[in-house]
Amino acid sequence: MVTVTYHGHNCVEFAGEAGKVIVDPFLSGNPLAEVGPDEIDVDAILLTHAHGDHLGDTVAIAKRLDVPVISTFEVVQWLERTYDVAGHAMHIGGSHRFDFGRVRLVVAHHGNSTPDGISLGPPCGVVIDFDPTVVYHAGDTALTLDMKLLDGIIETIDFACLPIGGNFTMDIADAVHAADFIRPRMVMPIHYDTFDVIKADPKEFAKRVHCDCLVLRPGESAEVV
């Protein structure tokens, strides 16, 4: 069993029996966030890419808690060099077992750069196996046929976080197709309503998607199995 907490935009916390992680901790400056970075207590930070609305409070949280940032090699190298933040570098297709569970980085199709515009190579999505619950966070990805591979190389994805806001990511229609490709037991919409340009109706997504759908307001939590 995993407890999922949504903090708005792309920021999601996952708490399993062996530990807790946060993905893309954009809290300060996030108009939807119900908590601040000082209220976060996790064992690791997972970063799909380094855009400012995903990097967010990564540095502050990592330094305060002395926890690693798990991301692609280029992102981790930049964080270590620029902010002296400890990281665990991985890359797409790679996996590694941590105390809280096994992490696999997977393909995501969108950009990846620092807030001041330095390109940092490809972004990623993340699959976390909390044993037995497996969760997938898609990052900012476009709809891609690579998602069909997830249904083949991973026995079961129990819970998938998919962006629905459009403009920068998939919209609702594309996210419905993505769920059909991935075939998770349950999905949760993310990356919507933070800004006017990504306004979307999560209830419409819940009606259209062909699996169970969890819609959380920022600050809400739920248990998934």
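None of the figures in this text is laboratory data; all of them are computed from the coordinates on show. Every value quoted in this text rests on a predicted model; they were computed, and no experiment measured them. Don't worry about glycine lacking a Cβ; one is built from the backbone with ideal geometry, like all the others, and counts go over all protein chains shown.
Whole-Hz ³J(HN,Hα) for each residue in region 20-27, computed from phi via Karplus 6.51 cos²θ - 1.76 cosθ + 1.60 with θ = phi - 60°, x for glycine and proline: what do you get?
Along region 20-27, the couplings run 10, 10, 10, 10, 6, x, 8, 10 Hz.
Amide H of T72: which non-local residues (sequence gap of 5 or more, or other chain) have their own amide H closer than 5 Å, using H built in the peptide plane?
M90
Jot down the radius of gyration and Dmax of region 5-55, Cα atoms only, both in angstrom.
For region 5-55, the Cα-based Rg and Dmax read 10.3, 31 Å.
Along its principal axes, what span do the Cα atoms of the chain show, with the longest given first and each in whole Å?
45, 37, 31
Applying 1/(1 + (r/R0)^6) with R0 = 35 Å to the Cβ-Cβ distance of D116 and V225, what FRET efficiency is obtained, to the nearest 0.05? Before the final figure, lay out the partial values.
Working: r = 42 Å, r/R0 = 1.20.
Efficiency at R0 = 35 Å is approximately 0.25.
Do me a favour and compute the ellipsoid semi-axes for region 113-165 from its Cα gyration tensor, root of five times each eigenvalue, largest one first, whole Å.
24, 13, 11
Using Cα-Cα distances under 8 Å and only pairs 6 or more residues apart, what relative contact order does the chain have, in percent? Please report the intermediate quantities before stating the final value.
On the way: 567 pairs, mean separation 42.7, N = 225.
Relative contact order here is 19 percent.
With both partners inside the chain, how many of the DSSP beta bridges are antiparallel, as a percent to the nearest 5?
60 percent
Show the residues, 5+ positions off or on another chain, whose built amide H is closer than 5 Å to the amide H of V134.
D158, F159
For region 1-31 and region 147-195, what is the centre-to-centre distance using only Cα atoms, to the nearest Å?
Region 1-31 and region 147-195 have Cα centres spaced 17 Å from each other.
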